[in-house]
Structure formats: C-alpha cells, structure tokens
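The values are calculated or read from the model by the stated rules, or taken from the named source; none is laboratory data. The structure presented is a predicted model; accordingly, all values stated were derived computationally and were not measured. Neighbour counts run over all protein chains shown; Cβ positions are idealised from the backbone, glycine included.
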Amino acid sequence: MQAPNPVKGHILIASEIEEEIERLQKELHPLRVVKFFEENFKIEHAKLVTQEAYISESQTKYIIIAALEFTSVAQNSLLKLLEEPPTNIEFIIISPTKSNLLPTVRSRLPIQKREHAHRQEVLAINLARIEYKEIFGFLKEHARVSKNEAKALVEGLFYRATVVDQLILSQRQLDNFDMAYRLLDLNSRPQSVFAMLLMSFTGERA
C-alpha cells in the first residue's frame, strides 16, 4: 500500500506565515513547491497563481498562496481552480485569520490551525486600573498598525482583561469586543476601535 502524502491541499491558519512556508518547503521536499506570498493578495496575484497551476506536472506540485490579507475579487477568481485543480496540483492557502477568507473559499479546502503557544503576548496595560494617560500612550504606540495587527491587539486586550487581570466583563464590554472585530473588518481606524474598548474600562470601574 502506498504511504499517504504528508501534506494535502488545505487552508492553514497561522500567525507566523514565513515560518510556516519554510516548514512546508522542508516537509514537502523533494516535491516542487511554488510560493506566492503577498501582504495583500489581489487579482493580479490570482492570475499568476492560475498560470502556474496550468503548467503541467508529472509529480505533485504544491502551490502556496499566503498573505496577510486577501481581496474578495482575487478569492472569487480562484474558486473554480480550488474546486477542480489541474492534475497533480495541490493548493495550500496560509492566512493569519480565518475571517480573511470568504466562506466559499473555506468550503473548498479543509482548515488546519497552527498554534504558537508562546505567541500570546501579554500587553503591558493593566485594565483593572487603567488611567487616561495610559490609554493615550497605547493609542500613540499603536497608531500605524495593519488590520490584522489590530485584530491581534484586540485579542491581546481580551486576554489581558480576562486572564491576566481576571476581570469579569460587563455585557457592554463583551459587546464592544465583538463590535471591535466587525469594525476592523469594515476597515475602521484601529485607533478609534482601541479607544472604544479602553474607554469602556474607565467607565466600568467607577
């Protein structure tokens, strides 16, 4: 009986994208691996992926599509290719968050998640005793973050509040965290989102 391939086509949710690409290249050697790694995966990158996929191969070729963000147009253009890949072509999509990917894309490939236990950084801000100057300092420090960095900071604030500071969050605070992710997906300014979250902790403490 032939041994199963160590890796099949799938979606990989991982914060350390470059590290995962390097791991996959080593794991899949000597099979051919072609990577497309972009900060924002757009339609022009999708066209290059399609061209590469239709280059015939006698052995399995893995095409890695990795990005911090993916445009909807680019994802939609790849749906047919993901559903019916050419012979000997396997796709691996790497994204830092599942919410980056359209439900139609997520339905085409199984999803795996790579945990990095050491990655949960504890933010140096005590939400149990937060002062306005600390809020302004946090906003200034994180004034130029990307959408995905902002989402990670929201997760960090939630971890800090519930695990480190052991706060019991009010319904308003819980709703604010839920709203924060939705606002970031709608491209709201991260500073405005952070301010909404942090200010809620000053109000609840009174």
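Observations on the model:
- Residue pairs whose Cβ atoms lie under 7 Å apart, sitting 6 or more positions apart in sequence or on different chains, and linking a residue in region 16-45 that is over 18 Å from residue 91 (Cβ atoms) to a partner that is at pLDDT below 95 and exposed (fewer than 14 other Cβ atoms within 10 Å of the Cβ), are 16/116.
- Odd one out for residue 136, checked against (1) under 30 Å from residue 11 (Cα atoms); (2) among the hydrophobic types (A, V, I, L, M, F, W, C); (3) surrounded by fewer than 15 Cβ atoms within 10 Å (Cβ to Cβ): (1)
- Of all residues in region 26-79, those satisfying the criterion of being of a type in the set (Ser, Thr, Tyr) and either in contact with a His (Cβ under 6 Å, 6 or more places away or on another chain) or surrounded by 14 or more Cβ atoms within 10 Å (Cβ to Cβ) (or both) are 50, 60, 62, 71, 77.
- Enumerated helices (runs of 4 or more DSSP H) restricted to region 139-206, each holding at least 1 residues that are under 15 Å from residue 124 (Cα atoms): 147-159, 190-205
- Selection count where residues are more than 30 Å from residue 150 (Cα to Cα) and in contact with a Phe, Trp or Tyr (Cβ under 8 Å, 6 or more places away or on another chain), scope region 54-80: 1
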